[in-house]
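Student: Quick one: the structure is below, and I'll ask about it shortly.
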Amino acid sequence: MTVSEIRGHHPILTPKAMGEVDRAAIQSGIDGYRLMLIAGAAISACVLEHYPEATGAIVLCGPGNNGGDGYVAARGLAEAGMPVRLYSSVDPERLKGDAATARDDWQGPIHSLADLDWRDSEIVIDALFGAGLDRPVEGAVAEAMMTVVSSELPVVAADLPSGVSGRTGEVQGVALSAEHTVTFATYKPGHFLVPGADYCGDVHLIDIGIPQREIDAHDQNLWLNTPEIWSDRIPEPKLSGHKYSKGHLGVFSGAFSHTGAARLAAHSALRAGAGLVTVLAPASAIASNAAHLTAIMLRNVSSDEDLDALLQDQRMNGFVLGPGFGVGEKTCGFARTIISTDRALVLDADGLTSFKDNAEDLFSAIADGAAPVILTPHAGEFSRLFPDLAADTELSKVDRARMAADRSGAVVLYKGADTVIAAPDGRAVINVNAPPWLATAGSGDCLAGIIGALLVQHVPAFEAAAIAAYMHGEAGMELGEGLTADDLADGILSPSVLFE
Ligand SMILES: NC(=O)C1=CN([C@@H]2O[C@H](COP(=O)(O)OP(=O)(O)OC[C@H]3O[C@@H](n4cnc5c(N)ncnc54)[C@H](O)[C@@H]3O)[C@@H](O)[C@H]2O)[C@@H](O)CC1
Ligand SMILES: Nc1ncnc2c1ncn2[C@@H]1O[C@H](COP(=O)(O)OP(=O)(O)O)[C@@H](O)[C@H]1O
Ligand SMILES: [K+]
């Protein structure tokens, strides 16, 4: 999906909320069948645009309104001259409402899905299940879907690939893998959350005429992470500015053989616009760090007393703690000390794992402190801090990140191909511009540094995490496949340059 090009404010609604929006729109006088006609026409247009050479299509229709979209699309394709064979997964007499109208307006034969024969076709339109999928796909329908999968024919999905939960992105039983997904009114979480995102192919968002006011009225405080969400928070370089006005970030280094992670974070932070960056290293790691640092400063911080002395300098206004630092009580102590001040803290990697058995200590320190705190777990670290949320299979990644933010009092940036950022006040975004090659050792350290750089420039925590995730993704896209974390740290552009 060319998501980097998606601009604007994009609320993301769960299928349930979208259903409520549909119903509210229809109650306000909008003709539901008209919405279906526009939706179906968009699907046939997508097929004709992307597969103009196709000499035959099969359309798979399910029991609900998603199937209704399929009947409309089939009609559009047939009218455009494409031979179409339409299959229904249920007795077509069972269709109701708008879907029944769409069936009545389809002039061609309706075959049973049990008789599926794809051999004369070059494209599959998947209108089996969309927003209404509410249980795993099984039995004869699942078998027919497996036949489609093994045919390797390209699939264009109506709303969602059948079998993908629009709420969680999880596969329920089996799922079709689409090259294009045509969705309506708003994106759904399942278009972006893994594994759903991989099944959707290119997602096309179509305005079918549902009024924006209905969408706004059902806003779920969840958006796509686009620049429009936070562009007014990007730190602008000022003529009157000096290096301290751009903040001073401290990045803690591990012992002598674990210093690279801190330098990656520190280097990324300087690139991302922090005025000054100091690596804070234990005595054993001074020499190895000194050999590699120039623009970045270095200071010995070995003990609690060293940290207390450091905190006397009010200008050091933010910290990154965790990358390569080591797991243990020293890490917990440093984190608690910083949180008890008003300095910003990015707690990453070992900083998170150190609280595995005493997460409540961390959360109560955050509740008592004045500092903005950002937790940046990947899935493994998340399950150490929030084992119950990680184990609850009913929850989506968005639910988990939100509940973790609420419980911890911190902004939570839950990493992955589908990074979710959630604030304790309920706001959440899904970041979708990260290319898969960002999954390389040290990439997360760079991200922690970028967040730190924004925090010390007084960007509020939620926006700092959201901007940083986006910048990280853009740098990854720009550098291309095969990048290393060293390239990434070097390739970070300050946000005012990136988004000018
Ligand atoms: N006016 C509207 O509400 C509009 C809805 N649209 C379409 O309507 C869709 C939603 O329609 P529906 O709410 O009818 O939902 P769906 O058509 O997605 O599916 C609901 C039906 O599937 C059955 N079902 C669910 N999971 C199943 C499983 N695992 N195995 C077998 N059967 C299963 C349900 O019992 C129900 O009969 C959207 O995805 C979109 O494609 C579009 O036409 C635009 C307008
Ligand atoms: N498949 C993927 N596609 C895109 N980005 C990914 C993918 N997997 C991981 N990432 C991103 O790469 C970074 C990896 O961070 P992390 O897991 O902390 O690794 P490390 O500790 O090696 O730096 C995170 O920003 C994460 O969101
Ligand atoms: K579908």
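Conditions (1) at pLDDT below 95; (2) under 22 Å from ARG167 (Cα atoms), marked per residue:
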{"position": "VAL3", "(1), (2)": "yes, yes"}
{"position": "ARG7", "(1), (2)": "yes, no"}
{"position": "LYS16", "(1), (2)": "no, yes"}
{"position": "VAL21", "(1), (2)": "no, yes"}
{"position": "ALA24", "(1), (2)": "no, yes"}
{"position": "SER28", "(1), (2)": "yes, no"}
{"position": "MET36", "(1), (2)": "no, yes"}
{"position": "ALA41", "(1), (2)": "no, no"}
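Student: Of the residues in segment 96-122, how many are touching a strand residue (DSSP E or B) at 6+ places or on another chain (Cβ under 8 Å) and surrounded by 13 or more Cβ atoms within 10 Å (Cβ to Cβ)?
Tutor: The total comes to 11.
Student: State whether one or more residues within segment 10-17 are assigned to a helix (DSSP H, G or I) and more than 16 Å from THR181 (Cβ to Cβ).
Tutor: Looking through segment 10-17, at least one residue is assigned to a helix (DSSP H, G or I) and more than 16 Å from THR181 (Cβ to Cβ).
Condition check ((1) away from ligand 2 (no atom under 16 Å from the Cβ); (2) under 36 Å from the mean Cα position of the chain (by Cα); (3) without any contact (Cβ under 8 Å) to a residue 40 or more places away in the chain) across all residues:
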position: GLY64; (1), (2), (3): yes, yes, no
position: VAL72; (1), (2), (3): yes, yes, yes
position: GLY76; (1), (2), (3): yes, yes, yes
position: VAL84; (1), (2), (3): yes, no, yes
position: SER89; (1), (2), (3): yes, yes, no
position: LYS96; (1), (2), (3): yes, yes, yes
position: ALA100; (1), (2), (3): yes, no, yes
position: PRO109; (1), (2), (3): yes, no, yes
position: ASP115; (1), (2), (3): yes, no, yes
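Student: Is it true that some residue in segment 437-447 is in the same structural domain as VAL398 (by TED's automatic domain parsing), surrounded by fewer than 20 Cβ atoms within 10 Å (Cβ to Cβ), part of a helix (DSSP H, G or I) and not aromatic (Phe, Trp, Tyr)?
Tutor: no
Student: Follow-up. Could you check THR376 against (1) modelled with pLDDT of 95 or more; (2) surrounded by fewer than 24 Cβ atoms within 10 Å (Cβ to Cβ) and say which number it fails?
Tutor: (2)
Student: I need the full set of residues from segment 61-87 which are more than 12 Å from ligand 1 (Cβ to nearest atom) and within 23 Å of ALA142 (Cα to Cα), in order please.
Tutor: Correct list: ALA74, VAL84, ARG85, LEU86, TYR87.
Residue-by-condition table, conditions (1) in contact with a helix residue (DSSP H, G or I) (Cβ under 7 Å, 6 or more places away or on another chain); (2) of a type in the set (A, V, I, L, M, F, W, C); (3) away from ligand 1 (no atom under 16 Å from the Cβ); (4) more than 14 Å from LYS415 (Cβ to Cβ):
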position: VAL432; (1), (2), (3), (4): yes, yes, yes, no
position: ILE451; (1), (2), (3), (4): yes, yes, yes, no
position: VAL459; (1), (2), (3), (4): yes, yes, yes, yes
position: ALA465; (1), (2), (3), (4): yes, yes, yes, no
position: GLU478; (1), (2), (3), (4): yes, no, yes, yes
position: SER496; (1), (2), (3), (4): no, no, yes, yes
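Student: So, restricting to helices (runs of 4 or more DSSP H) that lie completely within segment 341-392, which ones have at least 2 residues that are touching a residue at least 24 places away in the same chain (Cβ under 8 Å) and touching a helix residue (DSSP H, G or I) at 6+ places or on another chain (Cβ under 8 Å)?
Tutor: Qualifying helices (runs of 4 or more DSSP H): 350-353, 359-368, 379-385.
Student: When the residues of segment 292-318 are narrowed to those that are open to solvent by 50 Å² or more (accessible area, probe 1.4 Å) and assigned to a strand (DSSP E or B), which ends up nearest to THR331 (Cα to Cα)?
Tutor: ASN300
Student: Kindly evaluate LYS246 against the criterion of being more than 25 Å from ASN431 (Cα to Cα), at pLDDT below 95 and crowded, with 18+ Cβ neighbours inside 10 Å.
Tutor: yes
Student: Within segment 50-89, restricting attention to residues that are of a type outside the set (A, V, I, L, M), in a helix (DSSP H, G or I) and within 12 Å of ligand 3 (Cβ to nearest atom), which residue is most open to solvent (accessible area, probe 1.4 Å)?
Tutor: ASN65
Student: Further question on the same structure: Go through (1) in a helix (DSSP H, G or I); (2) among the β-branched types (Val, Ile, Thr); (3) in contact with a strand residue (DSSP E or B) (Cβ under 7 Å, 6 or more places away or on another chain) one by one and return the number of the condition VAL412 breaks.
Tutor: (1)
Student: Are any residues in segment 176-213 of a type in the set (A, V, I, L, M, F, W, C) and at positive phi, and if so, which ones?
Tutor: Result: ALA185, single match.
The values are calculated or read from the model by the stated rules, or taken from the named source; none is laboratory data. These figures come from a predicted structure and were not determined experimentally. Virtual Cβ from ideal backbone geometry, glycine too; neighbours counted across all protein chains shown. Just so you know, the surface numbers come from the protein's heavy atoms only, side chains and all, with ligands and any DNA or RNA stripped out. Shrake-Rupley method; radii C 1.70, N 1.55, O 1.52, S 1.80 Å.
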